[in-house]
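Written below as structure tokens is the structure these notes are about.
The values are calculated or read from the model by the stated rules, or taken from the named source; none is laboratory data. Just so it is clear, the structure is predicted and the values come from calculations on it, not from any experiment. Here the Cβ is made from the backbone with ideal geometry for all residues, glycine too, and neighbour counts use every protein chain on show. Side chains included, ligands, DNA and RNA excluded: accessible areas come from the protein's heavy atoms. Shrake-Rupley method; radii C 1.70, N 1.55, O 1.52, S 1.80 Å.
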Amino acid sequence: MSSEQDLGITESKQHNTGEWYAEVVKKAGLVNYGPDGMSGFIVTRPRGYALWEAIQSELDSKFKATGVQNAYFPMFIPESYLEREKDIVEGFDPEVAWVTHGGHDELEERLAVRPTSESIIAPYLAQWVRSHRDLPLRVNQWGSVVRWEATETKPFFRTKEFLWQEGHTAHETHDKAWDETMTRLDQYADLYEDLLAIPVLKGQKPDHDKFPGAHKTTTVEALMPDGKSVQAGTSHHLGTSFAEAFDITFSNKDEETQPAHTTSWGLSWRALGALIMTHSDDQGLVLPPTIAPEQVVIVPIWQEDTKGDVLDYADEVANDLADSGVRVELDDRDERNPGFKFNEWELKGVPIRIEIGPHEVEDGEVTIIHRPDGESITADRDNIDATIQDHFDGVYAKLYAAAEENLDDSVREADSREEILGTLGRHGGYVKAPWCGDEECEEPIKEPLAAEIVMCPFDDEETVGDDETCAICGDDATQTAYFAKNY
Ligand SMILES: [Zn+2]
């Protein structure tokens, strides 16, 4: 049984974001850390996994509505497969975990635990694609990958094994692969904006930071309240490099053999990290009603002489809400007082609390409290189902507006190295600057601040004027770069 003290968040989001985050995910019952000797791994508890399932469900239906089928490939990849695409090996080698033994026997060829699955999926795409009639081919896999990064664990943001989906497609032409790349990027942006109440920026990674072997890597970036950017989902136009390495070819209408144009795109449970980090506060988890496992908790408040009436009334309200499809919990525990219950449900992030006492029963009303800001509203008990839907919209709008304000206030411009460093150092957020496209011009920012170019907007031709020069080197600018510290 937890005490009042165990329930409380003791760290401050504003002053100690990292410790605060670790405390929220643990005390809200989302995760445990992995066993001793397995640092970097986490256990996702049912409340945490329910959030991931909500994301899965939303994305999966978007994918299926746009021609994607799910499949599953082995979690191990033979070393020779990884080597077929040299760029991938170079990109992932230090992070790959290897299986060398099966039982007592040493394997003839060691197996990589997948850091991503291009090199095991591509050879099968090659078998499945024969003619232009087989295209487009779109498969998606829900699973986990392992990247053995030796950095500090941060549940959902940085773990050695993480859950994600990876989509892999093949197309007849470069343009069709580009349309696919952007379709998936737009779906990721919609997921953030419509399910998670987080506005995002869409753009492309600079060439030196794109997926190994890719023609272009596109990204959605979300700004966290501590001023750091989260790479929230990526979609890669792989050009024909994978098709050439793995022989994904098709015969076109004129019976000529051509390489396919492929894409891959992935979104991980980092989306949960962004969700928790963005909305939660010093009382604990805050969730939008769209994703909350319990959308409404009803807390009855009674004395001995009013207990029967209050509980009957609360029970009816709970039933009405459940019948209309609301995920509702009636907290009628005897052994806990209302104050304790308020704290506990606040910690767990339930977006709306309904309080029902003798006054509400007498007046045919309910008292509705919004989790994000504590706003309290008295409403008629009649039509409670429609009323609650309005309040869901209201809570969602509050959360989105706060995140949007943070983003809008955090995009600043600069046109010299000193100004970029000064602005990022003081405020965090994004600093926009004209850039020549050369990786060397990122170094003077990366070195002192650990900030980098997280993305370049797509509409550079419109935004970069002929006379603009790179903020770092003074050569002609070709792109607008968004510099930021990131997760
Ligand atoms: Zn430059």
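With respect to the conditions (1) closer than 30 Å to T469 by Cβ; (2) surrounded by 15 or more Cβ atoms within 10 Å (Cβ to Cβ), K348 falls short on a single one, namely (1).
How many residues, within the range 206-248, are polar (S, T, N, Q) and either out of contact with any Lys or Arg (no Cβ under 9 Å at 6 or more places or on another chain) or without any contact (Cβ under 8 Å) to a residue 12 or more places away in the chain (or both)?
Residues meeting the conditions: 2.
Residues in the range 405-429 that are open to solvent by less than 80 Å² (accessible area, probe 1.4 Å), at negative phi and away from the ligand (no atom under 16 Å from the Cβ): N406, L407, S410, V411, R412, G422, T423, L424, G425.
You will find that of F483, F392, the residue that is within 16 Å of the ligand (Cβ to nearest atom) and aromatic (F, W, Y) is F483 and no other.
Can we say A28 is within 30 Å of K176 (Cβ to Cβ) and either in contact with a Pro (Cβ under 7 Å, 6 or more places away or on another chain) or modelled with pLDDT of 95 or more (or both)? Break it down stepwise before answering.
Details: within 30 Å of K176 (Cβ to Cβ): no; either in contact with a Pro (Cβ under 7 Å, 6 or more places away or on another chain) or modelled with pLDDT of 95 or more (or both): yes.
For A28, the condition - within 30 Å of K176 (Cβ to Cβ) and either in contact with a Pro (Cβ under 7 Å, 6 or more places away or on another chain) or modelled with pLDDT of 95 or more (or both) - is not met.
Against the test of being hydroxyl-bearing (S, T, Y) and in contact with a Ser or Thr (Cβ under 8 Å, 6 or more places away or on another chain), the options Y400, Y396 yield a single qualifying residue, Y396. Going by the structure shown, is I368 more than 16 Å from the ligand (Cβ to nearest atom), assigned by the TED database to the domain that holds W302, touching a helix residue (DSSP H, G or I) at 6+ places or on another chain (Cβ under 7 Å) and part of a helix (DSSP H, G or I)? It is false that I368 is more than 16 Å from the ligand (Cβ to nearest atom), assigned by the TED database to the domain that holds W302, touching a helix residue (DSSP H, G or I) at 6+ places or on another chain (Cβ under 7 Å) and part of a helix (DSSP H, G or I). Report whether or not T478 is touching a residue at least 24 places away in the same chain (Cβ under 8 Å), within 13 Å of the ligand (Cβ to nearest atom), in contact with a Phe, Trp or Tyr (Cβ under 8 Å, 6 or more places away or on another chain) and among the hydroxyl-bearing types (S, T, Y). Yes; evaluated as a whole, the condition is true for this residue.
On inspection, T378 passes the criterion of being exposed (fewer than 13 other Cβ atoms within 10 Å of the Cβ) and in contact (Cβ under 8 Å) with a residue 12 or more places away in the chain.
Got at least one residue in the range 240-247 being in contact with a Pro (Cβ under 6 Å, 6 or more places away or on another chain) and open to solvent by less than 10 Å² (accessible area, probe 1.4 Å)? Within the range 240-247, one or more residues are in contact with a Pro (Cβ under 6 Å, 6 or more places away or on another chain) and open to solvent by less than 10 Å² (accessible area, probe 1.4 Å). Within the range 250-284, the residues that satisfy the criterion of being assigned to a strand (DSSP E or B) and crowded, with 18+ Cβ neighbours inside 10 Å are F250, P259, H261, T262, T263, S264, W265, G266, L267, S268, D281, G284.
Consider only pairs whose beta carbons are under 8 Å apart and that are at least six residues apart or on different chains; among these, list those whose first residue lies in the range 303-325 and is over 18 Å from E362 (Cα atoms) and whose second residue is among the charged types (D, E, K, R). Once the first residue is over 18 Å from E362 (Cα atoms) and sits in the range 303-325, its partners that are among the charged types (D, E, K, R) give D320/D385; L321/D385; D323/D385; S324/D385. For the range 308-328, the criterion of being among the polar types (S, T, N, Q), at pLDDT 95 or above, under 30 Å from G48 (Cβ atoms) and in contact with a helix residue (DSSP H, G or I) (Cβ under 9 Å, 6 or more places away or on another chain) is met by at least one residue.
A single member of K432, K446 is part of a strand (DSSP E or B), within 16 Å of the ligand (Cβ to nearest atom) and over 23 Å from the mean Cα position of the chain (by Cα), and it is K432. Looking only at the range 454-475, residues that are within 14 Å of the ligand (Cβ to nearest atom), of a type outside the set (D, E, K, R) and out of contact with any helix residue (DSSP H, G or I) (no Cβ under 7 Å at 6 or more places or on another chain) come to 4 in all.
Remark: pairs (first residue in the range 25-50, open to solvent by 70 Å² or more (accessible area, probe 1.4 Å); second residue among the hydrophobic types (A, V, I, L, M, F, W, C) and in a loop (DSSP other than H, G, I, E, B); Cβ separation under 7 Å; 6+ apart in sequence or on different chains) = R45/L30. For the subset of the range 445-462 comprising residues that are out of contact with any Leu (no Cβ under 8 Å at 6 or more places or on another chain) and surrounded by fewer than 19 Cβ atoms within 10 Å (Cβ to Cβ), which member is farthest from W178 (Cα to Cα)? Once the filter is applied, the top-ranked residue is E447. Taken together, the residues in the range 300-331 that are of a type in the set (V, I, T) and either loosely packed, with under 13 Cβ neighbours inside 10 Å or under 20 Å from N383 (Cα atoms) (or both) amount to 4.
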